[in-house]
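Below is one structure, written out as structure tokens; comments come after it.
Every number here is computed from the coordinates shown, using simple stated rules; none is lab data. What you see is a predicted model, and the numbers here were worked out from it, not measured in a lab. Here the Cβ is made from the backbone with ideal geometry for all residues, glycine too, and neighbour counts use every protein chain on show.
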Amino acid sequence: MLVFSTKISIILIRSAYIVLRKKINDIRNAKYEMLNTRLVLIKFKIRGNLRFLSHAETVKVFQRACVRAGIKTAYSQGFNPRPKLSLPLPRSVGVESDGDLLSLQVNCVPAELQVTSNESPPSGVLRRIKARLSEQLPEGCELLSVSSVAKTKSSAQPSAATYVLTVRRECLDDRIKDRIEHLLASKTLNMERRKPRTQNYFVDVRPFLKSIELNDKGIVVEYKISSAGSIRVDEILELLGLDAEKLTAPIRRTSVQWQQA
């Protein structure tokens, strides 16, 4: 009899928990329905010591800056809500960047978004977001532009980018020219990659290389980015036979091309 009563009590507790969870979600959903959620795309550049931040650390920098700036970031639902904020194109540690993108979903009350079209809110709202966020970001992170789209389910995806390698003059010799010609003439360029807890594997990175140009200041490498992957900056250095000692400035990623998915 005691066992039966215990089972009944457990069932009642579970039922009450389910009902309570549903009510909490309903309240939260009602709150979100009162707000107008916009997808804000922020272009920025990374310079100086901030280039040593990892991808996860860079995300945290923007999360904390949004909180301090009072920006109403949208959160995921559930018992462990997280801000809807992401960096679509991870940056390698030690690399500076000119055209990185922050994807941020922002909650704005209807009075703040008296939109005249279905594409973007008034420029005043975006200017306030840029000004407030810029005040809270550390030195070395500069916001370049802020734009918005109405469809929060859409996302920006990178399709191509460029690495600028500033190389010592004495290293810009005929050997590096011959190596570049050989790389561009090759049909396949298999690079070995490591995967934790599994065996190493090989990837043909030749389809990702668009062009390699040599000028007086160094080497400019344009490459593709797709769902199949891309070429890594350390692989580019290895293919060119370069290392940190042959560079006179940090590697810089620029000219990132974005497209809406």
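Taking R0 as 45 Å, what FRET efficiency do you get between ASN49 and ARG21 from their Cβ-Cβ distance, rounded to the nearest 0.05?
Once the sixth-power term is evaluated, E becomes 0.50.
Just want the answer: with Cβ charges of +1 for Lys and Arg and -1 for Asp and Glu, which residue in LEU172, LEU239, GLN199 is farthest toward the dipole's positive end in the stretch 157-260?
Result: GLN199.
If you add up the charges near GLU222, with Lys and Arg at +1 and Asp and Glu at -1, over every other residue whose beta carbon is less than 10 angstrom from its beta carbon, what do you get?
+1
Excluding ALA244 itself, calculate the net charge of residues whose Cβ lies under 12 Å from the Cβ of ALA244, where each Lys or Arg counts +1 and each Asp or Glu counts -1.
-1
Given H placed on each backbone N at 1.01 Å, which residues far from THR73 in sequence or on other chains put an amide H within less than 5 Å of it?
Correct list: ASN107.
Quick one: if you stick a label point 7 Å off each Cα along the C-beta vector at ARG232 and ASN190, how many nm between them?
Going by the 7 Å Cα→Cβ label model, 1.8 nm.
Net charge around ARG193, counting only other residues with Cβ within less than 13 Å of its Cβ (Lys, Arg = +1; Asp, Glu = -1)?
-2
Using the 10 angstrom Cβ neighbour count as an exposure proxy, how do PHE52, PHE208 rank, fewest first?
Going from least to most buried by this count: PHE52, PHE208.
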